[in-house]
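Asker: Okay, here's the structure, questions in a sec.
The values are calculated or read from the model by the stated rules, or taken from the named source; none is laboratory data. Computed from a predicted model, the values in this text were never measured in an experiment. Note that we place each Cβ from the backbone using ideal geometry, even for glycine, and neighbour counts take in every protein chain shown. Ligands, DNA and RNA are excluded from the accessible area calculation, which covers all protein heavy atoms including side chains. Shrake-Rupley method; radii C 1.70, N 1.55, O 1.52, S 1.80 Å.
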Amino acid sequence: MVFSSMTFLVLFLPIFMAVYFAVPAKYLNVRNFVLLISSLIFYAAGEPVWVVLIIFSSAVDCLLGILIEKHRGKRIATVMLVISLCASLGLLVLFKYSEFLLGIIGINITFAPALPIGISFYTFQTMSYIIDVYRGRVAAQKSPLKFLTYVSMFPQLVAGPIIAYIDVQHMLSKRESTLAGVSQGVTRFVMGLGKKVIFANHAGAIATQLLDTSAATSSTVGVWLGITMFFFQIYFDFSGYSDMAIGLGKIVGFDFKENFHYPYESKSITDFWRRWHISLGMFFRNYVYIPLGGNRKRQLLNIMIIWALTGLWHGASFNFILWGLYFGVILVIEKYYLKGILTRIHAAFAHVYVLFVVMFGWLIFYFTDLGQFLAMTGHFFGLGGQITDHLAIELFLANLWVLPIFAIFSTQIPIKVFNYLKGEMPVSEPVLNFTILAFSFMLLIGQSFTTFIYFRF
Amino acid sequence: MEKINLYVFGGMIAVLMVIIFLLPSDPQAEVFENRVMQTRPTFTIESFVSREYFYNLENYFLDNSFGRTTWLRFGDIVDRSFGVRLPGSMMVYFGADDLGYGLVPTLAQIGGLTTATLTTGYNVDPNLPFGEDSNFHDHAVFFLRYIEDTELAIRYAEVLNSFRREIPETVRMFSLVAPVKVAFMGERYAAANSSQIGTIELINSLLDPGIIPVDAYHALHNHAEEYLFFRTDHHWTAIGAYRAYHAFAAAAGIEPITIDNYLEHAIHGFIGSLAIGTQNPIVLAHPDIIYLYELNNGTTFSTDLFAIPQNLAYADYRVFLGGDHPRIEFSSSNQNGETLVVVKDSFANPLIIWLAPNYENVIVVDPRQYTGSILEILRENYNADLLFVNYIPATTMRELIEQIYGGR
């Protein structure tokens, strides 16, 4: 089930909110139970078989967490940690990477079950929990109900953000849904819905027309416009989903950390990666980079490992690994050579540099077929033999007014204007929500069904 | 103000619930979209596990929402404002191109199911503006884009070869890859598309010598001035299929029954799959005509070959054989003992109507839906002619190709 579906908006959400808020706030365990059952139903609607996997995997990690805490400091705790990590990574490898890895050694098999939705997100959550219990950063969760609620919480289950247990542990036992909090959550949810339905779907429709085409008929203008549209699509799609997740979390009393902070405003790639998919970056930093030695030893190698893994996390394909390594190399270059230059030059040049690097990054990200990628890269750099084509010009002219709007909505300007208006005229918040909802609902019925890009990962 | 914010949100969700659950569905939607709307799915363990239940439930909500056509029109306006034309592989061009398709009569001229004299194909209404200076919308051209996938085209040939290896040697096997309209639309459009004849020749070159290729491409190409394809739909017309039938007859060494043995009927007002998405009022005012050809030489069939809905406004491409079914079996009064087995997609439907009188028995299998074994059918009918018919985009669709392979 996706947040922008009718099934979610007219069936799941109203029933969930009615039942959840019918339970008095003092019975938090009952509310947790409602949240858990609802989350499992939410998940089962899209993943009817593999819902069993999430329950089983959580039960195992809950038990191992308790045992690790009990034997903390002893060798047995390390054994438990290794078992847990092997189980979580094993599931990921089995479902996500087995075909790819066997393909590398020349064994071509088709692994029938599709990748369970959200597995890349929830396995990372359980791993963060187990590692933190092992390190003594958090106490083991003794209640399987609370632990399963944490792992399966529907707002962030299928497409993140990756919520570290340490960040929500207290909220599982003590939280409240205040009027102000629920109102903020609703506004955040509505904004995310608008980003997805109004912006992302349209950017995506144009990107597909221009990029899912033969390189022989494409052109430089076509590839640039296509990848620019993908650049906006992936931002509005993914950050919109994170907004909805954070908003829904807020409605039920959870404060999830931000996952995006206007990444397209960055002035360096280092800055960009502090603002894009923040929860994934934090996971790799805390649970891989620092344990590997971080800045203290073999830093260069550590950076490249992290970025290869970041790429691989996005999918079992060489283009994702290449995409990760590409950013790894850029970050190293920035660290050793460009850092000073980027702070000295005019901000506009730094922005152009970031946008170009990120744009080319999305080109690597988009094409899983190497031949298609190389051909489109030729067009990207004007070496494809065709500067423009009929379709590209037509779509470019039709989108001349759309591109600046997308650009503005990728920055902090709209939210600053909104906050100013809200301060001056509080009624602007419900008016804005009404407008976005009305527009989104009409489009949702009037558009064909679309899923979120990040469901693939 | 926070309370008002929550009331607005709750109120909007409630309005949406009323639109979806309480108000009647839009009676125009079915005609508007030219398809059958999703019915309320029944919950079963099987449908739940296969994910069909929630998928169909979502479509049920959307298809049966109050005022759906209004929302679709709104979506179309927004799509246009954002410069979006049509999703996926469909493209629509508005240009001052005649392309030989001409303009078909307006809705005002709809006369229902009429028996017409034999014509060469399409009508041009001389009263409508025509030519470079006219309103460009009058020349809306719709077509499916064709972008080849060589790897999958090779796989398609391999799949056909795998059938050849396993069916009885006595079965004559044919392959007909149906071209789509854009192949015959001239140079301007060729540049944005792959060469269809290139793909067809590649496939034919890889076929087992025991498979006879049917050259529908050139048969259509030689009659490109005729009403071979619908203007608003991605399929060919009965006339397009007739030209392909001649190509099959030449390949199979049979005498084709010529069109002068048929009575022509016309259903006006058909808006096809490609134009539905636009809902352009001028397009809606210039729909296609579905021509049907009824055999008039005394041959009869054990089933109706045409499915004409009572309300002709509902008539669409499914008038041919009643659309796609997992398996259809019928016989003709031509008792020559010959059997034809067709493994096909929807392009075959009007073609089968032309082919049928040449055979005593006809078995039609759609591998997208059929769950039985096609090889088994051939073992039982070891003297049959086996014909594979797929439109050329099928050779770029991995899932479909594997469905054909899996249907063995």
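Asker: Return one whole number: the accessible area per residue of the range B:288-365 in Å², for a 1.4 Å probe.
Answerer: Numbers: 2800 Å² over 78 residues.
Spelled out: the 1.4 Å probe surface of the range B:288-365, per residue, equals 36 Å².
Asker: Along each principal axis of its Cα atoms, how long is the range A:53-198 end to end? Whole angstroms, biggest number first, please.
Answerer: Computed over the Cα atoms, the extents are 55, 46, 20 Å.
Asker: Return the subset of A:Lys257/A:Lys335; A:Lys96/A:Lys297; A:Lys195/A:Lys422; A:Lys142/B:Lys3; A:Lys250/A:Lys416; A:Lys96/A:Lys174 for which the Cα-Cα distance in this structure is over 29 Å, preserving the input order. If you can, show how the numbers build up before the last one.
Answerer: Numbers: A:Lys257/A:Lys335 27 Å; A:Lys96/A:Lys297 31 Å; A:Lys195/A:Lys422 20 Å; A:Lys142/B:Lys3 37 Å; A:Lys250/A:Lys416 21 Å; A:Lys96/A:Lys174 36 Å.
Beyond 29 Å: A:Lys96/A:Lys297; A:Lys142/B:Lys3; A:Lys96/A:Lys174.
Asker: While we're looking at this one, here's another question. Please average, across the residues of B:12-19, the number of beta carbons from any other chain that are within 10 Å of each residue's own beta carbon, and give a whole number.
Answerer: Numbers: counts 9, 7, 2, 4, 10, 5, 1, 4.
The mean count of partner-chain Cβ atoms within 10 Å per residue comes to 5.
Asker: If you don't mind, another one. Based on DSSP H assignment, which helices of chain A show an axial Cα extent of at least 30 Å together with a mean Kyte-Doolittle hydropathy greater than or equal to -0.5?
Answerer: Working: long enough: A:220-251 (46 Å, 0.96).
Span-like helices in chain A: A:220-251.
Asker: Please report the antiparallel percentage of DSSP beta bridges with both residues in the range B:312-400, rounded to the nearest 5. Display every interim value, and only then the final one.
Answerer: On the way: 5 of 15 bridges.
The antiparallel fraction comes to roughly 35 percent.
Asker: In addition: Of the peptides B:65-74, A:124-133, how do they stack up when ordered by the mean number of other Cβ atoms within 10 Å, highest first? Present the calculation step by step, with values, prior to reporting the outcome.
Answerer: On the way: B:65-74: 19.4, A:124-133: 24.2.
Output ranking for B:65-74, A:124-133: A:124-133, B:65-74.
Asker: Also, quick follow-up: Accessible area, 1.4 Å probe, largest first: how do B:Met185, A:Met17 sort? Don't skip to the end; give the middle numbers.
Answerer: On the way: B:Met185 10, A:Met17 45 Å².
Result of the area sort, largest leading: A:Met17, B:Met185.
Asker: Another question about this same structure. What percent of all Cα-Cα pairs in the range A:192-344 falls into each 5 Å bin, going from 0 up to the bin containing the maximum distance?
Answerer: Percent of Cα pairs in each bin: 2, 9, 12, 16, 19, 17, 12, 8, 4, 1, 0.
Asker: Which whole number gives the average, over all residues in A:435-445, of C-beta atoms from other chains lying within 10 Å of the residue C-beta? Write down the numbers at each step before the final one.
Answerer: On the way: counts 0, 1, 7, 3, 2, 2, 8, 8, 5, 6, 15.
Partner Cβ neighbours, averaged per residue: 5.
Asker: Moving to a separate point now. Take the alpha carbon gyration tensor of the range A:312-414, find the square roots of its eigenvalues, order them as a ≥ b ≥ c, and report rounded if a/c is under 1.5; if not, report prolate when a/b exceeds b/c, else oblate. Let's see the in-between values first.
Answerer: On the way: a/c = 1.71, a/b = 1.10, b/c = 1.55.
In terms of gyration-tensor shape, oblate.
Asker: Counting only C-alpha contacts under 8 Å and six or more residues apart, can you give the relative contact order of the range B:288-408 as a whole percent? Don't skip to the answer; put the middle values down first.
Answerer: On the way: 185 pairs, mean separation 30.0, N = 121.
Averaging sequence separation for qualifying contacts and normalising by length gives 25 percent for the range B:288-408.
Asker: Only residues of the range A:410-436 count here: report those whose backbone N is under 15 Å from the spot 7 Å along Cα→Cβ of A:Glu265, or say none.
Answerer: From the range A:410-436, the list is A:410-420.
Asker: Also, quick follow-up: In Å², what does the accessible area per residue of chain A work out to with a 1.4 Å probe?
Answerer: Values: 18350 Å² over 457 residues.
Roughly 40 Å² per residue, with all protein chains present.
Asker: For the protein assembly as shown, give the share of DSSP beta bridges that are antiparallel, in percent and rounded to the nearest 5; count only bridges with both residues there. Display every interim value, and only then the final one.
Answerer: Values: 24 of 44 bridges.
Within the protein assembly as shown, antiparallel bridges account for around 55 percent of the total.
Asker: Express the relative contact order of the range B:225-365 as a whole percentage, based on alpha carbon pairs under 8 Å and six or more residues apart in sequence. Working shown, then result.
Answerer: Details: 232 pairs, mean separation 33.4, N = 141.
Relative contact order, the range B:225-365: 24 percent.
Asker: Would you please put B:45-55, B:287-297 in order of how densely packed they are, using the mean number of other Cβ atoms within 10 angstrom per residue and starting with the highest?
Answerer: Numbers: B:45-55: 14.5, B:287-297: 19.0.
The densest-packed peptide leads the list: B:287-297, B:45-55.
Asker: What is the log10 of I(q)/I(0) for the protein assembly as shown, computed with the Debye formula using one identical point scatterer on each Cα and no solvent, at q = 0.09, 0.11 Å⁻¹?
Answerer: Treating every Cα as an identical point scatterer, log10 I(q)/I(0) equals -1.04, -1.42.
Asker: Here's another thing I want to ask about it. Only counting protein heavy atoms at a 1.4 Å probe, give the residues of the range A:382-422, ordered by number, whose accessible area falls by 40 Å² or more when the other protein chains are present relative to the chain alone.
Answerer: The answer is A:His390, A:Leu391, A:Glu394, A:Trp401.
Asker: Within a Cβ distance under 15 Å of B:Ile374, other residues only, what is the Lys/Arg minus Asp/Glu net charge?
Answerer: Values: positive: B:Arg164, B:Arg165, B:Arg327, B:Lys344, B:Arg368, B:Arg379, B:Arg408; negative: B:Glu166, B:Glu329, B:Asp345, B:Asp366, B:Glu376, B:Glu380, B:Asp385, B:Glu402.
Here the charged neighbours net out to -1.
Asker: Is it possible to state the helix-based mean residue ellipticity at 222 nm for chain A, with each DSSP H run of 4+ residues giving -39500 (n - 2.57), the sum divided by total residues, to the nearest 500 deg cm²/dmol? What is it? Walk me through the numbers on the way to the answer.
Answerer: On the way: 23 runs with 302 residues, N = 457.
My calculation for chain A gives -21000 deg cm²/dmol from helical runs alone.
Asker: Take every Cα pair under 8 Å in chain A that's 6+ residues apart, average their separations, divide by the length, and report that relative contact order as a whole percent.
Answerer: Working: 571 pairs, mean separation 80.6, N = 457.
Once divided by the residue count of chain A, the mean separation gives 18 percent.
Asker: Still on this structure, please answer the following. Say R0 is 35 Å: what FRET efficiency, to the nearest 0.05, do B:Asn222 and B:Met397 get from their beta-carbon distance? Could the numbers behind the result be given before it?
Answerer: Working: r = 28 Å, r/R0 = 0.81.
Once the sixth-power term is evaluated, E becomes 0.80.
Asker: Next question. Return the carbon/sulfur percentage of the accessible area of the protein assembly as shown, one whole number, probe 1.4 Å, all protein chains in place.
Answerer: Numbers: 22040 of 35510 Å².
Here it works out to 62 percent.
Asker: Find the sum over both chains of the accessible area lost when B and A are paired, probe 1.4 Å, and report it in Å² to the nearest 100.
Answerer: On the way: alone 19580 and 20660 Å², together 35510 Å².
Looking at B and A, the buried total is near 4700 Å².
Asker: Something else now. For peptide A:1-9, what's the mean number of Cβ atoms from other chains within 10 Å of each residue's Cβ?
Answerer: 4
Asker: Report the convex hull volume per residue for the range B:225-265, counting only C-alpha atoms, in Å³. Before the final figure, lay out the partial values.
Answerer: Working: hull volume 3.4 nm³, N = 41.
That works out to 84 Å³ per residue.
Asker: How much accessible surface area, in Å² rounded to 10, belongs to the heavy atoms of A:Glu265 with a 1.4 Å probe?
Answerer: About 40 Å², rounded to the nearest 10.
Asker: Here's something else I'd like to know. In a shell of Cβ-Cβ distance under 11 Å around A:Ser177, excluding A:Ser177 itself, what net charge do Lys and Arg (+1) and Asp and Glu (-1) give?
Answerer: Numbers: positive: A:Arg31, A:Arg175, A:Lys250; negative: A:Glu176.
That works out to +2.
Asker: A further question on this structure: Once chain A is represented by equal point scatterers at the alpha-carbon sites, with solvent omitted, what log10 I(q)/I(0) does the Debye formula produce at q = 0.11 Å⁻¹?
Answerer: -0.98
Asker: Just want the answer: with Cβ charges of +1 for Lys and Arg and -1 for Asp and Glu, which residue in A:Ala77, A:Leu40, A:Leu94 is farthest toward the dipole's positive end in the range A:20-148?
Answerer: In the range A:20-148, that residue is A:Ala77.
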